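The values are calculated or read from the model by the stated rules, or taken from the named source; none is laboratory data. Just so it is clear, the model here is predicted, and its values are computed rather than measured. Here the Cβ positions follow ideal geometry from the backbone for every residue, glycine too, while neighbour counts run over all protein chains shown.
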Amino acid sequence: MTDTASSPLIVVDKLDKWFGDHHVLKDINLVVARGEVVVVIGPSGSGKSTLCRCINRLERFQKGSITIDGATLPEEGKELAALRADVGMVFQSFNLFAHKTIVENVMLGPVKVRGMDKASAKVKAMGLLERVGIGDKANRHPAELSGGQQQRAAIARALAMDPKVMLFDEPTSALDPEMVNEVLDVMLELASQGMTMVVVTHEMGFARSAANRVVFMDDGRLVEIATPNEFFDNPKSDRARDFLSKIL
Amino acid sequence: MTSLSSWLLDVKPSKPGELQITEELGPRGRRRALIGTVAATGLVLAAALWIVRRFQAKGQFAPELWRPFRQWAIWRFLLLGLGQTLKAASVALVFALTLGIVLAMWRASSPKRKRIPATMFTEIFRACALVLLIKFSFFQLPKTPGFRGWTLGTYAFVAVVSGLTFYYSTVFAEVIRSGIRSLPKGQSEAALAIGLTETRAMRLVILPQALRRALPNIFTQSASLLKDTSLGVFVTYSELLSRAKIVGEFSSNFLQSFVVAGFMYIVVVAILTSTANRLQIRQARSSR
Amino acid sequence: MQIVLDNLPRLLRGLGVTLQLTIGGFLMGLLIGTVIAVFRVSPVKPLRIVGAAYVSTMVNSPLIFLVFLAYYGGPKLGALLTNFQCALVAVGLYLGGYMSEALRSGFNAVSNGQAEAARAIGLTFGQTLMHVILPQALRSSIGPLAVLLNANYRNVAVAGIIGVAEVVKAGSDLADETARQYPFFVFSFLVFMVLGFTTAALAGWLDNRVAIKR
């Protein structure tokens, strides 16, 4: 495993996706380095969520390739499941397993996929839940938690798999405003600890403070890639300028 | 060939409201599904063939068994039976729906003199077996003052209709009640706030909306009601099923007669159930 | 009411037959319903068609018609069944259609996001099904399934038409023999009322126990 520190973690190469006749992703090329935080922003329908979901093949694409840590993204089956174990994902609608308690939610992956024994998994799960600040809710069911707490539990669930990279698909879009910050704080802490992250979001504050690079997408295309300062202070493309003027 | 295979496989992205059990298939998955499809088609055809052979071996396809159906008289006999079925069903439906609406309204109202009798009626008759109600009506009716001296056929008809009415009124009452409960509370509050009495609020605001919401279920239960007219065989009501039995006795082709009658039932009832389904889908879509 | 008590053994035997048909038919229907439900959700189109056709036929046919079909058609297929078995088969086939829909509705009540989250942490198809989807689907199905059980004990009374001595027929046979109708009617009414309330209470209790807090 030499030279891993410098080799890119995610390589998206000439990606195209059609949804029926609709061309939703057009010639996407993106390289995400280890430890990098990439924030993807853009108007609705720009394809940013779809791109994020292509990375762990929750969405299929017709052209191009995606490589994760040197290995091509498998098509299906056990290989795909194995790769997904290394790629953590946090959803907009949390998607915690409703029939299990919070700690069981976090333990399920390590036990069933990594083959950990229940006791160690529980210790690990409790540690993660403490880390995201909801240790006291471990034995509750998801419906008993607030949105912010559920999302933090979802982050803990994803972290339990010790992923190489974390994907965030609009993690705070479904939250009431007062709960957005508690989730963003957890994400900021993750970023500061060197986790490679791809975050699709509307939270510009997060993009400014945590991102190494900002990727702006519009109408299925990668329009601009720049550092946060470059992008927000001095956008190069018209569409980016247009978008920023509308939201800031 | 590819279009055939894609038609066969047709792993469509799920319609809203349906769980997508497998994700979109990759190349290997597609191959497996295709093999499975071909194998399944083969199995289904083989099973169908086996059944047809068995019937053939027992001579069920022999023309004598089916010849009675060449005669119009037989068809007329059966179709009249279908008419009787529909007659009993429509009369019972009207009564049951009306009574059901009244029961639902009374159960939802606050004065106890309305709510308690309605609740008792609903709970008691809902637990009854329809067969029992029909049989009892048939038995009791000729003995009741004011209902004497009719023909047997009339007694049978009234027995079936009254049994269906008493039972299905409670079913419809429940269906409408859940329609009422599914309405946002604000509706009744607003109606009362503009000065309508409880009864008028119910009649003008709540009930119309509740009925609209309950419409798919009403259709489903009407289909059930239509099917249950076949219980008329217990009291010699000459509807479709009993006539099919008679034809079977007459021409010694029970299986064939029942198949023909069954076909008629399925077609007629399917009209109601498919309407119910379409209403359900349309409602689900509009509420998004 | 004395006459009822005198004939209680026979009436209770009839009740036993009713219960056997109810529960036996329910179990058979569950088995068939599961198979048909699997057909209906599978990616293999012929199976989906067969499943849909089966459900359509059963849901649109009166149970009593299926009883006749089994009774008169069974021998023609070469199967020698007792009256009871004919009724049981008819009830099982009939309920199977309804149950497949109940199971399917429970299945579809599980949101797509649950399956996606399961896949996203690396669970295979089988693991996703076993640990995430089925537990939730089955718990959501309990409500509709209980409703079917509650309806079934009333439905099986039609078996009397082919001579199966369930409780209604037992009652009416005795009524004809003793020329006393009312006591047996009352008895039957009471029996069904008790059965109705117990199954409804059972269903409610079960639903509360396993309901997933959402």
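Just so you know, in the range C:150-181 the residues that are at pLDDT 85 or above and charged (D, E, K, R) include one that is nearest to the chain's Cα centre (by Cα), and it is C:Arg154.
Take the range A:98-111 and flag every residue that is facing chain C (nearest Cβ under 8 Å) and within 16 Å of C:Leu134 (Cα to Cα). Give the derivation first.
Of the range A:98-111, the ones facing chain C (nearest Cβ under 8 Å) are A:98-99, A:108-109.
Those that are facing chain C (nearest Cβ under 8 Å) and within 16 Å of C:Leu134 (Cα to Cα): A:Ala98, A:His99, A:Leu108.
Residue count for the range A:150-165, restricted to those that are away from chain C (no Cβ under 11 Å) and under 19 Å from A:Val39 (Cβ atoms): 4. Could you identify the single residue in C:Pro43, C:Pro9 that is within 10 Å of another protein chain (Cβ to nearest Cβ) and farther than 19 Å from B:Val131 by Cβ? Just one listed residue meets the conditions, C:Pro43.
Residue-wise test of (1) within 22 Å of B:Thr220 (Cβ to Cβ); (2) at the interface with chain B (Cβ under 10 Å from one of its Cβ atoms); (3) not acidic (Asp, Glu).
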| site | (1), (2), (3) |
| --- | --- |
| C:Val59 | yes, yes, yes |
| C:Gly73 | no, yes, yes |
| C:Thr82 | no, no, yes |
| C:Leu88 | no, no, yes |
| C:Leu95 | yes, no, yes |
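If the condition is being surrounded by 13 or more Cβ atoms within 10 Å (Cβ to Cβ) and more than 29 Å from the chain's Cα centre (by Cα), then the range B:138-159 contributes B:Pro142, B:Phe147, B:Trp150.
Condition check ((1) surrounded by fewer than 19 Cβ atoms within 10 Å (Cβ to Cβ); (2) within 14 Å of chain A (Cβ to nearest Cβ)) across all residues:
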| position | (1), (2) |
| --- | --- |
| C:Gln136 | no, yes |
| C:Val147 | yes, no |
| C:Tyr153 | no, no |
| C:Val164 | no, no |
| C:Gly196 | no, no |
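Does C:Val168 satisfy the condition of being of a type outside the set (Ser, Thr, Tyr) and crowded, with 22+ Cβ neighbours inside 10 Å? When the stated conditions are applied, C:Val168 passes them. Select from the range C:42-96 the residues that are hydroxyl-bearing (Ser, Thr, Tyr) and modelled with pLDDT under 90 and write down the one among them that is nearest to B:Arg32 (Cα to Cα). So the residue we want is C:Ser42.
One line per residue, one yes/no per condition, for (1) small (Gly, Ala, Ser); (2) at pLDDT below 85:
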| residue | (1), (2) |
| --- | --- |
| B:Glu123 | no, no |
| B:Val131 | no, no |
| B:Ile134 | no, no |
| B:Ser137 | yes, no |
| B:Gly146 | yes, yes |
| B:Leu152 | no, yes |
| B:Val160 | no, no |
| B:Phe166 | no, no |
| B:Ala173 | yes, no |
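Answer yes or no as to whether B:Ala46 is closer than 27 Å to B:Ser230 by Cβ, at pLDDT 75 or above and away from chain A (no Cβ under 14 Å). For B:Ala46, the condition - closer than 27 Å to B:Ser230 by Cβ, at pLDDT 75 or above and away from chain A (no Cβ under 14 Å) - is not met. Among the conditions (1) touching a residue at least 60 places away in the same chain (Cβ under 8 Å); (2) more than 13 Å from chain C (Cβ to nearest Cβ); (3) of a type outside the set (Gly, Ala, Ser); (4) surrounded by fewer than 19 Cβ atoms within 10 Å (Cβ to Cβ), the only one that A:Gln193 does not satisfy is (1).
For the range B:108-129, the set of residues classified as among the β-branched types (Val, Ile, Thr) and surrounded by 14 or more Cβ atoms within 10 Å (Cβ to Cβ) consists of B:Thr119, B:Thr122, B:Ile124, listed by residue number.
Taking each residue of the range A:62-84 that is at the interface with another protein chain (Cβ under 7 Å from one of its Cβ atoms) and looking for partners that are surrounded by 19 or more Cβ atoms within 10 Å (Cβ to Cβ) and among the charged types (D, E, K, R) with beta-carbon atoms closer than 7 Å, six or more apart or interchain, yields A:Arg84/C:Arg119. Candidates are the residues of the range C:174-192 that are free of Cβ contacts under 8 Å to residues at least 60 places away in the same chain and not in a helix (DSSP H, G or I); the one that is farthest from B:Phe121 (Cα to Cα) is C:Ala179. Just one residue in the set A:Ser7, A:Ser49, A:Ser44 is without any contact (Cβ under 8 Å) to a residue 12 or more places away in the chain and not in a strand (DSSP E or B); that residue is A:Ser44. Restricting A:Val123, A:Val132 to residues that are buried (at least 19 other Cβ atoms within 10 Å of the Cβ), aliphatic (A, V, I, L, M) and either touching a Pro at 6+ places or on another chain (Cβ under 7 Å) or farther than 14 Å from C:Ala117 by Cβ (or both) narrows the list to A:Val132. Scanning the range A:58-85 for residues that are crowded, with 19+ Cβ neighbours inside 10 Å, of a type outside the set (A, V, I, L, M, F, W, C) and within 16 Å of A:Lys164 (Cα to Cα) yields a total of 1.
Taking first residues from the range C:42-53 that are of a type outside the set (Val, Ile, Thr) and partners that are surrounded by fewer than 18 Cβ atoms within 10 Å (Cβ to Cβ) and modelled with pLDDT under 85, the Cβ contacts under 7 Å between residues at least 6 apart in sequence or on separate chains come to C:Pro43/B:Thr22; C:Lys45/B:Asp10.
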